[in-house]
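Trainee: I have a structure I would like to understand better, so I am pasting it below and will then ask my questions one at a time.
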Amino acid sequence: MRDTRESRLLLVLLIAVAFALITVDIRGGEDSPVDGARRAAATVFGPIEDGVSTAVDPIGNAISAVRDSGSRHDRLAALEKENAELKASLGSDDRNRSRTRQLDKILKSAAAGQYGIKGAEVIAIGAAQGFSWTVTIDIGSNDGITRDMTVLNGDGLVGRVTTVGPNTATVLLANDPDFTVGTRMEATDELGFASGQGDRPLRVELLNGKAKVKAGDRLVTFGSQADKPFVPGVPVGVVSRVDPSGGDLTRTIYVKPYVAFTQLDIVGVVVQPPRKDPRDTVLPDKPKPTPRPTVTVTVTPGANQPGDGADGQQEQ
């Protein structure tokens, strides 16, 4: 439509009519003369609007549901991730605390024995050479490790180095059947040789067949010539059983090792022996005996007389 004087007059007239109809409708209330026209329009256009609404609403609802579902999924995934990270952090903290305790015990043992040690981590068990009781540690010749060095942890003797690579080394454990170490009894100084028996206690042959020994006695390493493969004074274990003395030249005892060979993690390789034999200074403190409770029985007068309803005889 061209913008002419007639079109402007027509637009003004339509606006005036619209205002007039609105005024009449408002003043008429429920009896408005345009109410019939409104109902007619609703009758014609209502089904169309309802159909459009019915067609559009599920799509909108679905989009909203997908959006909400995605939001919930993202939130759930975030919570699961946070939970996993928390568990990993706690596990890592527990492991770090355990390793810190192990390292602390090793350092205390090394200080007590005046051993120069290099810390290492056990990275594998059971080397390729058969079914020997061995572990692999993460240090080797590049770290100054050589064959026949003593290996210990905070509890006691672990074993000796048998094979050395540039960055790793193999340790033969003290419970291996091919393992033998010279031992010395605490206090009595009785000498012997301990051999591994796998998951059973160490077997020790004391050189003195009449040696006085009992369960609970403790042993340390005697040491080797030039301190290889064993330095002196490393705790070995506690006597758990003593075979009766049969008049033989040697006497057999069985020793529970201090070290748990199936739970090795952090160990120390002795790279510098002590200047003098530490004797028994590396042994842990003996546990204090647990006092046994004393039970006192007090007999009250008439305790032997029969009570009410008990069988008894009266003196005649």
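Trainee: Return the carbon/sulfur percentage of the accessible area of region 103-177, one whole number, probe 1.4 Å, all protein chains in place.
Mentor: In region 103-177, the share of accessible area belonging to carbon and sulfur is 55 percent.
Trainee: Let me ask you something else. Test of understanding: what is the full-extension gain from residue 193 to residue 256, defined as 0.36 nm times their sequence separation minus their Cα-Cα distance?
Mentor: This chain segment gains 21.3 nm when fully extended.
Trainee: Give the calculated FRET efficiency between residue 163 and residue 286 to the nearest 0.05, with a Förster radius of 41 Å applied to their Cβ-Cβ distance. Mind showing how you got there, number by number?
Mentor: Numbers: r = 37 Å, r/R0 = 0.90.
My answer for the efficiency is 0.65.
Trainee: Could you provide, to the nearest whole Å², the per residue accessible area of region 140-276 with probe 1.4 Å?
Mentor: Numbers: 6320 Å² over 137 residues.
Per residue, region 140-276 has an accessible area of 46 Å².
Trainee: A further question on this structure: Tally Lys and Arg at +1 and Asp and Glu at -1 over the other residues with C-beta under 15 Å from the C-beta of residue 249: what net charge comes out?
Mentor: Values: positive: 210, 251; negative: 190, 205, 243, 248.
That sum, taken over residues with Cβ under 15 Å, equals -2.
Trainee: Now for a different question. Using label points projected 7 Å from each Cα along Cα→Cβ, tell me how many nm separate residue 208 and residue 103, to one decimal.
Mentor: In this crude spin-label approximation the distance works out to 4.3 nm.
Trainee: More than 17 Å apart: what percent of Cα pairs in region 179-264 qualify?
Mentor: 43 percent
Trainee: Quickly work out the residue 148-to-residue 178 label distance, labels modelled 7 Å from Cα along the C-beta direction, and quote it in nm with one decimal.
Mentor: 1.6 nm
Trainee: Near residue 265, within a Cβ-to-Cβ distance under 11 Å, what is the net charge of the other residues, with Lys and Arg +1 and Asp and Glu -1?
Mentor: On the way: positive: 95, 99, 101; negative: 121.
Once all neighbours under 11 Å are counted, the net charge is +2.
Trainee: Given a cut-off of 26 Å, name the pairs among 105/212; 118/214; 210/288; 212/256; 108/228; 118/228 whose C-alpha atoms lie farther apart than that in the structure shown.
Mentor: Values: 105/212 32 Å; 118/214 35 Å; 210/288 29 Å; 212/256 18 Å; 108/228 22 Å; 118/228 16 Å.
Result: 105/212; 118/214; 210/288 exceed 26 Å.
Trainee: Sticking with this one: Peptides 206-213, 134-141: what's the order by average Cβ count within 10 Å, highest mean first? Show your work: numbers first, answer last.
Mentor: Values: 206-213: 15.8, 134-141: 20.1.
Answer by packing, highest mean first, reads 134-141, 206-213.
The values are calculated or read from the model by the stated rules, or taken from the named source; none is laboratory data. Source: prediction; values computed, not measured. Note that each Cβ is placed from the backbone with ideal geometry, even for glycine, and that neighbours are counted across all protein chains shown. Side chains are part of the model used for accessible areas, which takes the heavy atoms of the whole protein and leaves out ligands, DNA and RNA. Shrake-Rupley method; radii C 1.70, N 1.55, O 1.52, S 1.80 Å.
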